[in-house]
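See structure below.
Here, each number is a calculation from the coordinates, and none is a lab measurement. No experiment lies behind these values; they were computed from the predicted model shown.
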Amino acid sequence: MAAPVTCESQRTYICEMMGRLGIEPGGGVVPRLSLSYATAFRQCEACLSAQACREWLDSKPKSVVFAPTFCPNADIFFELQLESPDLKRAG
């Protein structure tokens, strides 16, 4: 079994993006979410928009509602936001 992907092993902006969106980067250890996290990490590694991502992160506040439209993980991030334990408690 492969080791879970972690922010410490990343050279991308995914953890910063997840933080801005209110997504716990360590949530990938939850079995029902692990595939979504692994997919998001892999897509971020292969993304060709790293410079646009950095510029977007630099220009936005510390908390945002949606990922940018150029982000290949925008849909996954939205789903992970809906799975957030904090959101479920608030709802």
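Relative contact order (percent) for the range 7-90, with alpha-carbon contacts under 8 angstrom and 6 or more residues of separation?
Reported as a whole number, the value is 35 percent.
Tell me, what is the Rg over Rh of the range 7-90, with Rh the Kirkwood radius over Cα pairs?
When Rh is taken as the Kirkwood radius, the ratio is 0.93.
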